[in-house]
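Right, one structure below, let's go through it.
Please treat every number below as a calculation from the coordinates, not as lab data. Quick caveat: nothing in here was measured; it's all calculated off a predicted structure. Backbone-built Cβ (ideal geometry, glycine too); neighbour counts: all protein chains shown.
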Amino acid sequence: MESPMGVASREEIDSLHDKLRGDLPASERAATELALGRLCARSGLHDEALHHFSAARRLFDSLGDRAGVGAADAAIGASCGAKGEPDRARIHLDRALAVADDLGDADLKARALNALAHIALRAGEYERAQELFTRARSHFEQHFDGAELATIHCGLARLAAARDQLEDARALARRAEEDARASGDSLAIGRALMCQAVVAWRTGDVKHAKRYFRRAMTAFQTDGYRRELAEAYLQFGLFMGDAGHQLGDGFNDPPAYWLAKAQELFRELGGLYDLERVREAFRQHGRRATDRVAEVEVLQLLQELKQHRMAVHRESQRLADLVGAAVETIAKRTGAPVSAVDETQTRIAAVEQTLSRSLDAMAMAEERFLGAVNAVVVERENIRTLLELTQSLARVDDYGRLPSEIAHMAAQLSNADRAFVALADPDTGDLAVHGVHNVADDEAATRLLDLSETARGGGAATLLFRADAAPGAPSGDAGRAGDGRSSDPPPTADAERQRRLRLGYAMVVPLRRGRDVYGIIYADKELSGGVFTERDLDLLSVFAGQAATALENGRIQEELRVQIRATATTLEAIRDGVVTFNAGGIVIAMNEEASRILGVRYDPKRPPRLTRMPELDFLRPSIVGGEEYDGRNVNLPTGDYLCSTRVIRDDRGDIAGVVATFTELKRATSVAQRIVGSTARYSFADIIGVSAALKRRLALAEAAARSDSSVLITGESGTGKELFAQAIHNAGPRAGGPFVGINCAAIPRDLLESELFGYETGAFTGARRGGRPGKFELAEGGTILLDEIGDMPLEMQAKLLRVLQEKVTQRLGGTREIPLNCRVIGTTNRDLSAEVARGLFRQDLYFRLRVIHIDLPPLRERPEDVEVLARHFLQIYAARLGKPVRDIAPHVMDALRSYPWPGNIRELEHVLEGEVNLAGDDQIALTEVPLVIEQARRDLQRLFPPAFAGAPPGNPPTGPAAFAPVPPALGGYPGPPLGGAEQPPRLKSMVESERELLIAALAQHRGNIPSVARTLGVSRGTVYNKMKKFNIDPSEFRS
């Protein structure tokens, strides 16, 4: 059996397949897929090559390796061109050219141009082909590549021959062979010989054309290039049909013979384009050659009949003459010797014998003629039967029933007594009987085991011959072709005659499709004692090829049915509603959850249409224009959902459909809160206080909750800014959406952008594969809390302003704009108006945030709330810690009310928690002033004894006097004093001061570096160094 490819190539392919089964890094796997695809393409296995090229391209694309993507596109384009898919080839080759231009890769560009030139040549675009070949040749002549140059010169030679530039064509063909031999590439050499043959054929040099065709076919067959060999067979068949009459031995090479060989190889390798070319060649030459042979045979038979009829006529005339002469002789009677009469009688007998022989010859000639006609009729009947059986086989849609049907049809086609089909196990390759006709399963299994390794191996169709076995004994394996077992008994004369005449009692034919062998068909005439001829074997082999295709198609259909069921089960396992539309807006798949959400039932015979579901009209831009949604908030009759869509595109990039998912908003909110670690737990009922100042803020917050505008909440640390933000969210229309919070001061400036806006794959070192959504995306349909927004870096403020103004965001490293639908609440303990005046906060962002402004008063300005809050926290922590304490002593409450609470409500809560922890197990009231308050009073008494001079020993003053304002120069209590006195400013480090001063100067001079340097009294170089040190971009200040 002929090897499917060169031995070295087979070993390399197997080695790379084994390598891919291992655990490889993505870059190495991509390179291996590309190398394996090139080996397959070189061996003519373009379908397998395209599979590996596509895998390599996907891997290179995920790695961001544009050079690899370009190389893969060029390889895909070349293979598609070889398969006869020019449109698809041009798409990939144009992509490869774009990558080559971007990267400056001249070699990739030249290879893509060469492939495009051959496609243009096959399409008859001669001017474009000439231009592309010339551009590619200039590169490979500068950077010598003999194989590529040989390919280019072959194309130019064929182009010149098509234009009747015969001398140029010969010179270019010779140049192609020289380049190929210089490269040492056996494939290039064979193609150059083919080019020489075609050019010689076109120029009328028939002798040399035939010689080059023979050399090319020998080269391809020797090196195992099966697709190139099939192409050579096809071209030689066309050549013999066109110019064979000019050769002395033309009829020794009928076109039909070579076209049949080409058809067989192309059928094994696959490719409708090549098979169609062979069929067209048969229409031109193959059928004509076959008819010519049949015509010659019929004419010869008719000529023989005519000659015999003339001989009969001639002899009849002679007989009449002789009889007349004898009658005359006898009539005279006188003087006539007896010998004369005897001689006459002898001559009459001889004539009769001659006439008899002539008539016998005529009968034999007629019998031969009838036999020839009958053979044609039988052949046509066999072809008709084959076509009918093939059509019947195509209608069998049950993969499990196919082997039995194939066995039955094989017996019907070959008039066999028995038949069975054995299929190979895909893992082990072992044969097992799967379908039988007129034979028991166990007997078929036994006969399968009796077959030789040659017959069971599925290598080639085989005739089995009868052995000289004892009467009643099974024929077994003894007379098998090529078996050669010495233990077999010597064949009888009849068996020997059958072997010599190639008349077998059984046939074994492989079920082959391309390189894959699925099993065998066994048929015999052992019961009737009949025989099969080589013609029967050929006919069954043709049927076996169709049967193998049917088996493969049946297996694929069975796998598709399983995959469809698996997909349907997978869809049902998804908690979201999933629905798929085709390009016409017709539903082609839908799970039960989607049916519930949309209120429609899916019937494949009468599928729902988008035009009949007006509530889904928002999907029309996706189906028509390819727009994709990410978590769009939609209101349907069954509730609120988040809808995401993904567009399905075909190989040409056109929209083929859309997949839409519907996630229940409540469940999405719960998931989002688990992801970001935020949840809005508080409402306005959780805000404790009785002061008028607090009630005014509550009224303002409740009004803000009813709107969707941005809210800015300011106040000292611990005053409850986030609690107000959560209450506004829970009281507003977005309460069902997520509440996402982010502390702008707690995240490093280098990470803040990715946290807010998200990032794509490869945006920076360490970026997670697949990217990550930002807080704005996670807050879709809900509220985002920008806590401590006053500490946000100035350069980040500009990006935030654009997001708030345009309502779109863009992930870091991405290009797609993502629409936003969330409310923004900002909180800060800074005085943003003062920050704006100092140039540390953008004024436009301040105005954008301060649509609704809620300024929370510190706890020292509402002492009437201290008691309410203290008792509330006491109750909470007593229950949590299991303590019986339920009350606070009056003098302790006075101390709590008089303390300025620099940490506000948060500090009060922590003080009460600590006191409850220290209370005894039987203590029912807090009777001791908290240590933090006592310590603060002692510090003030030590620093300012005049304030405590009038107090009796052991009874220091209480109330506001105990914590009167302390001059900043003397270093008072670190917290804010009562009475609204200004808190001493916090001392800043030199680094902070330098940075703020630089930002203020840049803001004042709108990023003009010379002006900033003059204002600060430093050089421009110093300004640039400081900007680099503090990671400040001056362009942010020039708007």
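Shape of segment 990-1037 from its Cα gyration tensor (a ≥ b ≥ c, root eigenvalues): rounded if a/c is under 1.5, otherwise prolate when a/b > b/c, or oblate? Judged from the Cα gyration tensor, segment 990-1037 comes out rounded (a/c under 1.5). Once the C-beta distance of ASP442 and ARG816 is scaled by a Förster radius of 56 Å, the resulting FRET efficiency is 0.30 to the nearest 0.05. A Förster radius of 22 Å, combined with the Cβ-Cβ distance separating ARG58 from ALA656, puts the computed FRET efficiency at roughly 0.75.
Measuring nothing but how far apart in sequence close Cα pairs (under 8 Å, 6+ apart) lie, relative to its length, segment 990-1037 scores a relative contact order of 36 percent.
Suppose R0 equals 25 Å; then what is the FRET efficiency for ALA745 and VAL690 from their Cβ-Cβ distance, rounded to the nearest 0.05? Computed FRET efficiency for ALA745 and VAL690 comes out at 0.20.
Need the list of aspartates and glutamates near LYS1026 for cross-linking: C-alpha distance under 19 angstrom, and skip anything on the same chain fewer than eight residues off. Straight-distance partners of LYS1026: ASP750, GLU795, GLU992, GLU994, GLU996, GLU1036. When each of ASP576, ASP398 is scored by the number of other beta-carbon atoms lying within 10 Å, the sequence from fewest to most is ASP398, ASP576. For segment 1-110, the C-alpha radius of gyration sits at 1.08 times the compact-globule guess of 2.2 N^0.38 Å, with N the residue count.
For trypsin sites (Lys or Arg not before Pro), the sites in segment 527-635 that DSSP calls loop and that have at most 15 other Cβ atoms within 10 Å are ARG575, ARG601, LYS605. Within the same chain, aspartates and glutamates fewer than 8 places from LYS525 are excluded, and of the rest, those with a Cα less than 14 Å from its Cα are ASP417, ASP536. Pairwise Cα distances in segment 677-855 exceed 19 Å for 57 percent of all pairs. In this structure, the residue pairs whose Cα-Cα separation is over 26 Å, taken from LYS109/LYS210; LYS83/LYS207; LYS799/LYS1028; LYS83/LYS109; LYS799/LYS1029; LYS666/LYS799, are LYS109/LYS210; LYS83/LYS207; LYS666/LYS799. Computed log10 I(q)/I(0) for segment 578-664 at 0.14, 0.16, 0.24 Å⁻¹: -0.43, -0.57, -1.29, from the Debye equation with unit scatterers placed on every C-alpha and solvent omitted. Taking the number of other C-beta atoms within 10 Å as the exposure measure, put ILE648, ILE13, ILE91, ILE189 in order starting with the fewest. Least crowded to most crowded, the residues run ILE648, ILE91, ILE13, ILE189. Comparing Cα centroids, segment 1014-1035 and segment 822-870 end up 31 angstrom apart. Given the C-alpha centroids of segment 137-163 and segment 509-541, what is the distance between them in whole angstrom? Rounded to whole Å, the Cα centres lie 47 Å apart. Of all aspartates and glutamates in the structure, those lying under 12 Å Cα to Cα from LYS775, and not within fewer than 8 positions of it along the same chain, are GLU753, GLU755. Extension gain for GLU628-ALA834 works out to 69.8 nm (0.36 nm per residue, less the C-alpha to C-alpha distance). Measuring spread by the Cα atoms of segment 154-270 yields a radius of gyration and Dmax of 13.8, 38 Å. Among LEU700, LEU840, the ranking by other beta carbons within 10 Å of each residue's beta carbon, starting with the fewest, stands as LEU700, LEU840.
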